[in-house]
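Read the structure below first, then the notes.
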Amino acid sequence: MYDGQLWASLPDLPPSILARVCESAGGFVRCINFAGLRELSDDALLDMTENLCYDSSTPSIISSTRITTINLQGCTALTTHSLHHLLIRAPNLQSLCVKGLTAVLDSTCTIISTYCPNLVSLDMSRCVNISGDGIRKMATSVLDRGDRLHVKVLRLVGLRHVSDDMMRRLGMAAPDLEVLDLSYASSLHNSSVEAFVAVSEEEAKDVDSIQL
């Protein structure tokens with residue numbers, strides 16, 4: 001039952017069973033779906049993360065998981081510490097859903113842009129502790145590195161403090177963006193949408209396209 005090769009995907013089993021699976025599964029796990037698992041504690045997620053890591057060949061490099069998909073929607077007992085601990089160790093992450101979690105902060109956005117470079121789908125809708133400033137910093141951090149966000153689907157329902165500068169930087173940092181959900185973002189104005197698609201002649205040299 002606990003053969004690691006049988007558990008490429010972790011469903012929302014009771015935490016006690018998940019802990020035993022993680023000990024055996026180790027680096028085989030690619031997907032964790034804990035949606036609705038309210039009893040998932042900080043300590044449990046921290047332990048699971050450590051068990052899902054595989055040893056790096058370089059001692060100075062942080063151990064990593066092979067996880068490509070994470071769904072933590074409804075895991076209300078988690079704190080920022082355990083969430084960041086997992087994200088920092090998920091360099092292969094492609095899809096992340098943390099919808100409605102209070103553990104998600106503006107600093108989480110920077111963590112994502114720094115440690116999850118392969119992310120293509122991100123849902124941070126209804127996360128009351130993030131704002132447009134967090135998204136602006138996420139975009140700015142990759143632009144400052146001369147890089148870009150590869151995200152194609154970005155859901156930010158109810159995002160507070162959406163600004164023209166945030167939208168402009170996001171437009172520059174995420175040229176592959178295909179879905180941007182800002183439903184119920186009350187501070188979103190026409191000028192912000194214009195800023196999202198606007199590029200100067202100098203900026204246009206480094207941008208292939210902006211899709212809407």
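The values are calculated or read from the model by the stated rules, or taken from the named source; none is laboratory data. The model shown is predicted, which means the values in this text are computed figures rather than measured ones. With ideal geometry, Cβ positions are generated from the backbone for all residues, glycine too; neighbour counts draw on all protein chains shown. These accessible areas exclude ligands, DNA and RNA; they are computed on the full protein's heavy atoms, side chains included. Shrake-Rupley method; radii C 1.70, N 1.55, O 1.52, S 1.80 Å.
Residues that are open to solvent by less than 50 Å² (accessible area, probe 1.4 Å) and closer than 20 Å to VAL128 by Cβ within the stretch 171-182 comprise ASP181, LEU182, listed in sequence order. In the stretch 102-114, the qualifying residues are those that are touching a Ser or Thr at 6+ places or on another chain (Cβ under 7 Å) and not in a helix (DSSP H, G or I), and the one that is farthest from GLY74 (Cα to Cα) is LEU105.
Summed over the stretch 102-120, residues that are open to solvent by 40 Å² or more (accessible area, probe 1.4 Å) and farther than 23 Å from ALA195 by Cβ total 8. Looking only at residues of the stretch 89-101 that are open to solvent by 10 Å² or more (accessible area, probe 1.4 Å) and within 10 Å of the chain's Cα centre (by Cα), we find that the one that is farthest from LEU149 (Cα to Cα) is CYS97.
Taking SER209, is it under 24 Å from GLN73 (Cα atoms) and either among the hydroxyl-bearing types (Ser, Thr, Tyr) or at pLDDT below 95 (or both)? No. Being touching a residue at least 24 places away in the same chain (Cβ under 8 Å), open to solvent by less than 10 Å² (accessible area, probe 1.4 Å) and polar (S, T, N, Q): is that true of THR65 here? Criteria met by THR65. Scan the stretch 12-34 and report the pairs whose first residue is within 22 Å of GLN94 (Cα to Cα) and outside any helix (DSSP H, G or I) and whose second residue is polar (S, T, N, Q) and modelled with pLDDT under 75, with Cβ atoms within less than 9 Å and a gap of 6+ or a chain change. Hits for this filter: VAL29/SER9; ARG30/SER9; CYS31/SER9; ILE32/SER9; ASN33/SER9. Each residue in the stretch 131-169 was checked for being part of a strand (DSSP E or B) and either open to solvent by less than 60 Å² (accessible area, probe 1.4 Å) or closer than 14 Å to THR108 by Cβ (or both), and 3 of them qualify.
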